[in-house]
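Report on one structure; see the data block that follows.
The values are calculated or read from the model by the stated rules, or taken from the named source; none is laboratory data. Computed from a predicted structure; not experimentally measured. Counting neighbours? That spans all protein chains shown, and the Cβs are built from the backbone with ideal geometry, glycine included.
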Amino acid sequence: MPETTPKGLTRLAFGGDYNPEQWPENVWQDDVRLMREAGVTMVSVGIFSWALLEPAPGAYDFGWLDRIIDLLHENGIRVDLATPTAAPPVWFYREHPEALPVTADGVRYEFGSRAAICHSNADYRAAAANIATRLAERYGDHPALAMWHVHNEYGVPVSACYCASCAAHFRRWLETAYGTVEAVNEAWGTAFWGQRYAAFGDINPPRTTPTVGNPGQALDYRRFADATMRENFVMERDILHRLAPGVPVTTNFMTALSQCDSVDYWAWGREVDLVSNDHYLITDGRRTHVNLAMAADLTRSVAGGAPWILLEHSTSGVNWQPRNPAKAPGQMARNSLGHVARGSEGAMFFQWRQSRRGAEKFHSSMVPHGGTDTRVWREVVELGASLGSLNPIRGTRTEADVAVLWDWHSWWAQNLAWRPSEDHDPRERADAFYEALYDRHLTVDFAHPEADLSRYPLVVVPALYLMTEAAGDNLKAYVENGGTLVVSYFSGIVDASDAVHEGAYPGALRDVLGLTVEEFSPLLQGEHVRITGPDGSELSGDVWTEFVEPRGAETVWTYADGLTAGRPAVTRHRLGEGTAWYVSTRLGAEGLDALLGRAAEDARVAPRADLPRDVEVVRRSGDTGSYLFAINHTATDAKVPLDRSGTELLTGERAAGRLAVPAGAVRVVRLDG
Ligand code: GAL
């Protein structure tokens, strides 16, 4: 992917969603004054403004937008201008009620929130194309324009519509994908339960059925819904490209799976000029900075390693979780700079000024209800200054140590109904393996299972139920050529149609792992098994066990109890120049660390035992040099060993030997040489 940056932005992005239409114009002067005080460099404007920009069909009011964009420009603030197509006006729905999406149960949503869109609807497409055209014609060559922000978070909150026009569109999509209805029957296995289709015209979206519907149909509908949203993005993007050449186009992703699970960001990453992401902490008691690091690594990976932009996060609490704690002092900067360490070219927020009315009035912002005599504002100003001093890092890339395989299609398939155990959650396994790698202070790239993996000494497959034969071959070649692979249970089971690979499990991975799995034997809730290692070490597993039959692999840990007692729990297979590990139960943190420790030895990935837990160390490097980010998430001062001396950019101090990182602080050293 060619590297693209916001047009005319010469500093890191710092700012947020700016909704001036919610405020009288006299507040705007105050806004830009404060933006300058905080060092704001770019704001996102117009995301939900369609009803104001086109108050009646074909009647436009661009006056207010002209004035605010000019004002921002006069103050040196770049504009990320949105197409407002995530919020069609009420007149549009009055004329086209069928553009409101329908649930699988047949309920049509009402107007009155946002993003109530059937993406197959031709009238919606025409209206979206029209407003995008008007905006591009009017602002395409405005000197303030830095980039286009198309729509808002495709896939959230409506990930699919099940209406009649979607049914027709789905049939066309199937015809293109499969050619004949026989091919659909074959792929979906419609011989089962007599679901055979005689013609494309008989096929519907997977609407509510009395019991489990056809999994192939459900999986294809996910693909179709994702592709349909992407068609609409591409339609808008092409208009913007044509009318405003040279201005990059993005749309804000939400790569954290807990926030959007319906979009295949590998595919979307190929369509945008510049990847951008929104991230919010899920405050469920887990270590939020680990989830943040994971989302940032995934975003960078979707961007092909190129710099990306954090377009939204929060200064403090959000307002849409059951409980919304404020951020602790310093936490915002750790969050913002955590994203920057992992490749973001800045840190932007939702939103600039906290709303007085509407659904998000209790969501934190850069200018809180309490104004500027507040902790949040002081921290915002401080962050602006920090980002100012980090300017040299622009364009550098985060260095990764290992790869974790990731595929949204596999995730979709895995989450279909009637699996061996509802306690197996592929997301939980991805989180757990990521956390174990994080705790070993390894930086992770995510990779598609068919991607070239040769540059990684260690590749981890946390739970990849759907794997094509090509992916299996890819992993085999990776190991044969010297790579070290770690695979967790229930991976490589089905092909792209959710059909079990022929022969014994795990069809796509039998050869590389040197084993077969005769049967899955998930455990009951709360049940545990002991597994013992050659040195007498004992670990514990839960949720899942398997009857593994080694066929070339050696047994390293063995089940000590349960139905599978005496059988292999963890195996190791030497193949060609490399090694493939397999674990057939759900290990806890201790077990994962032990397993990854052994695999890291095979991979010769050096341990970073000298770094304290929760002191995050990440490097970015490129033409302007090499930068070490150290983020201390603990309440204790820490020391981070430096292999070279350098200059700490936030304090301007020289650093050598062991870098002091005070409790809760961030340090960024530009390494000499
Ligand atoms: C995002 C959305 C913003 C705002 C924010 C609140 O998902 O794009 O418009 O709603 O959440 O956290």
Residue tally, condition away from the ligand (no atom under 15 Å from the Cβ) and part of a loop (DSSP other than H, G, I, E, B), over the range 365-376: 6
Unmet criterion (only one of (1) part of a loop (DSSP other than H, G, I, E, B); (2) crowded, with 18+ Cβ neighbours inside 10 Å) for F170: (1)
Count - residues of the range 327-364 that are part of a loop (DSSP other than H, G, I, E, B) and either in contact with a strand residue (DSSP E or B) (Cβ under 6 Å, 6 or more places away or on another chain) or more than 14 Å from the ligand (Cβ to nearest atom) (or both): 10
Close pairs (9 angstrom Cβ cut-off, 6 or more residues apart or separate chains): closer than 17 Å to A128 by Cβ in the range 239-261, aromatic (F, W, Y) and part of a loop (DSSP other than H, G, I, E, B) anywhere: T251/Y154; N252/Y154
The listed residue being among the polar types (S, T, N, Q), surrounded by fewer than 23 Cβ atoms within 10 Å (Cβ to Cβ) and either more than 25 Å from N335 (Cβ to Cβ) or touching a Lys or Arg at 6+ places or on another chain (Cβ under 6 Å) (or both), out of T585, T624, T636, T579: T579
Among the candidates R658, R620, R586, R654, residue that is without any contact (Cβ under 8 Å) to a residue 12 or more places away in the chain and touching a strand residue (DSSP E or B) at 6+ places or on another chain (Cβ under 9 Å): R654
All strands (runs of 3 or more DSSP E) inside the range 537-587 with 2 or more residues being under 26 Å from R419 (Cα atoms) and of a type in the set (G, A, S): 538-542
Index of the failed condition, V517 passing every other in (1) of a type outside the set (D, E); (2) surrounded by fewer than 20 Cβ atoms within 10 Å (Cβ to Cβ); (3) in a strand (DSSP E or B): (2)
Members of the range 483-503 that are farther than 21 Å from W406 by Cα and in contact (Cβ under 8 Å) with a residue 24 or more places away in the chain: none
Of residues in the range 244-268 being in contact with a strand residue (DSSP E or B) (Cβ under 8 Å, 6 or more places away or on another chain) and more than 16 Å from the ligand (Cβ to nearest atom), the one nearest to A430 (Cα to Cα): V249
Number of positions in the range 143-189 that are of a type in the set (S, T, N, Q) and away from the ligand (no atom under 16 Å from the Cβ): 4
Set G285, G330: member being closer than 25 Å to D637 by Cβ and surrounded by fewer than 23 Cβ atoms within 10 Å (Cβ to Cβ): G330
Hey, R125 at pLDDT 95 or above, closer than 30 Å to L71 by Cβ and in a helix (DSSP H, G or I) or not: no
Qualifying residue in the range 143-156 (condition: in contact (Cβ under 8 Å) with a residue 60 or more places away in the chain, loosely packed, with under 15 Cβ neighbours inside 10 Å and in a loop (DSSP other than H, G, I, E, B)): yes
Options P534, P522: the member that is part of a loop (DSSP other than H, G, I, E, B), in the same structural domain as A430 (by TED's automatic domain parsing) and at pLDDT below 95: P534
Residue check for A177: under 28 Å from I239 (Cα atoms), more than 26 Å from the chain's Cα centre (by Cα) and of a type in the set (A, V, I, L, M, F, W, C): yes
Verdict on M348 being in contact with a Leu (Cβ under 8 Å, 6 or more places away or on another chain), farther than 17 Å from I393 by Cβ and surrounded by 22 or more Cβ atoms within 10 Å (Cβ to Cβ): no
In the range 351-367, the residues that are surrounded by fewer than 18 Cβ atoms within 10 Å (Cβ to Cβ) and at negative phi: S355, R356, R357, A359, E360, K361, F362
Residue match in the range 27-48 (condition: more than 30 Å from I393 (Cα to Cα) and polar (S, T, N, Q)): yes
The range 282-308: number of residues that are under 13 Å from the mean Cα position of the chain (by Cα) and within 14 Å of the ligand (Cβ to nearest atom): 1
